[in-house]
1. By how many nm would the segment from K159 to R26 grow when fully extended, if each residue of separation counts as 0.36 nm and the alpha-carbon distance is taken off?
2. Taking the DSSP beta bridges in the range 250-387 as the whole, what percent of them are antiparallel, to the nearest 5?
3. For the range 92-224, what is one quarter of the convex hull surface built on the Cα atoms, given in nm²?
4. Which percent of Cα-Cα pairs in the range 151-256 sits in each 5 Å bin, short to long?
5. If r is the Cβ-Cβ distance from T256 to N44 and R0 is 51 Å, what FRET efficiency results, to the nearest 0.05?
6. So how far apart, in nm, are the two label points at Y72 and Y393 if each is 7 Å from Cα heading toward Cβ?
7. Search the structure for amide H atoms under 5 Å from the amide H of I287, placed 1.01 Å from N in the peptide plane, and list their residues when 5 or more places away or on another chain.
8. For an R0 of 30 angstrom, estimate the FRET efficiency from the Cβ-Cβ distance between Q383 and D272 and round to the nearest 0.05.
Amino acid sequence: MNKEKLEEKPLCHYVTSPLNKGSNIRPMKDSGIQWIGQIPEEWNTQHVKTIFDLRTEKSFLPLSEVNLISLYTDKGVIQHSDLEETSGNKASNAEGYKIVHKNDIVVNIILCWMGAIGRSDYDGVTSPAYDVYSPKTGVESKYYHYYFRTKGFNGDCYKNGRGIMLMRWRTYSDQFRAITVPVPPLTEQQAIANFLDKKCSAIDSVLEKTKASIEEYKKLKQSVITQAVTKGIRPNRQMKNSGIEWIGQIPEDWETIKIKYTSWLKGRIGWDGLKSTEFIEEGPYLITGVDFKDGCIDWSNCYHISKERFEEDKALHIKENDLLITKDGTVGKLAIVKKCPEEVSLNSGVLLIRNTKPFKYNTNYLYYVLYSDEFNLWYLLSQNGNSTIKHLYQEQFYNFEYTYPPLAEQQTIVDYLDTKCTEIDNLIAKKEQFLKEIESYKKSLIYEYVTGKRRVEN
């Protein structure tokens with residue numbers, strides 16, 4: 001790896017920061033909107049209903065004859081024709097779907113408090129569960145697209161919404177339309193929108209390139225691991241055909257072995273899984289799939305359970321150096337138990353792998369095997385074309401056959417991979433930090449301009 005090529009350039013290399021230029025001071029006044037504070041003296045404030053009309057037109061056409069539009073928290077308004085996968089919509093017609101015109105604002109009443117609001121660049125129809133707003137004369141909807149997606153306005157949506165829990169939290173049209181927003185002069189709305197289009201486009205380009213780079217390093221890591229656990233790390237050695245489709249050629253002195261001859265597997269039966277109502281603040285720890293972090297267990301994130309529930313199944317009591325794998329939903333997340341508390345159990349969705357059989361192995365070596373394409377290819381081949389429901393079945397997993405070098409070589413491979421993977425992980429972490437910084441910069445940029453803290457310079 002050429003480390004020089006992996007270095008991130010400073011943010012200013014990609015985007016000139018207008019936030020660091022002169023003071024750009026102009027007369028200000030209190031907006032009456034808590035999270036904004038002051039706005040320019042020549043700006044007004046109004047309720048959403050005075051600048052947007054609630055569109056009530058509905059479609060009566062077949063689904064095949066309309067442009068179907070969806071709304072995403074991260075992407076905004078997207079045409080289904082632009083999505084890689086559009087099979088999620090099972091409706092046969094668009095009857096009752098709401099009509100959307102270009103420049104309209106689409107609002108997901110359930111998720112608008114998380115940023116699911118956006119301006120449409122297209123004519124089409126969208127879900128009856130969304131609200132659609134058309135801008136009145138003298139209103140630039142692109143400016144409000146940026147304003148409505150700020151964290152502050154999302155907070156206003158939450159404060160004006162209602163529901164018995166977050167999953168059912170809704171900001172209905174009456175509440176949404178009653179929210180107070182700043183109203184700059186039309187020319188300034190347009191100037192801010194055009195400025196942010198240009199700046200955010202440049203930032204988004206950097207974000208996409210950085211995300212793509214992170215994915216490439218993740219693929220590199222998997223490739224390095226796969227090469228090491230299937231071919232070894234010594235060059236110019238005699239190879240032989242393993243006779244196994246997902247492994248291929250292996251060193252001549254290696255063997256393969258099924259995991260049932262090396263490991264005992266144990267998971268909690270689904271019906272016996274612990275419900276969220278049973279989680280408590282203190283007591284024995286409970287590991288779930290969301291507690292896996294960087295190959296270990298994040299004990300600070302774990303729930304706790306009662307002593308009675310902990311004692312119900314002693315086979316699920318977790319020990320130091322146990323290997324865990326997720327078996328439902330996101331299959332294949334891995335963790336080796338380190339710094340294990342005295343009392344720990346597993347919830348459903350996680351499988352325990354413990355070396356209790358006569359054939360011994362290095363736990364870290366098996367961790368890398370399960371991280372590699374050696375396991376991923378086996379899992380894909382074992383699914384028999386059923387990709388709808390992801391699940392790693394215990395009896396099926398017992399027949400997973402993998403490379404089994406001598407124990408001394410397993411340790412050599414582990415030492416090599418520990419070093420290589422740490423190098424790659426450090427590079428990924430650096431890029432992920434860069435992502436956070438540029439995403440924060442983008443949010444600050446939008447906030448400064450849509451609230452009038454900064455003026456677009458001519």
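The values are calculated or read from the model by the stated rules, or taken from the named source; none is laboratory data. These numbers come from a predicted model, not from an experiment. Please note: Cβ atoms are built from the backbone with ideal geometry, for glycine as well, and neighbour counts cover all protein chains shown. Just the protein is used for accessible areas: all its heavy atoms, side chains included, with ligands, DNA and RNA removed. Shrake-Rupley method; radii C 1.70, N 1.55, O 1.52, S 1.80 Å.
1. That works out to 44.8 nm of additional length.
2. Bridges in the range 250-387 are about 85 percent antiparallel.
3. That works out to 11.8 nm².
4. 2, 9, 9, 8, 8, 8, 9, 8, 6, 6, 6, 7, 7, 5, 3, 0
5. 0.10
6. 3.3 nm
7. For I287, whose amide H was placed from the backbone, the distant partners under 5 Å are S345, L346, N347.
8. 0.75
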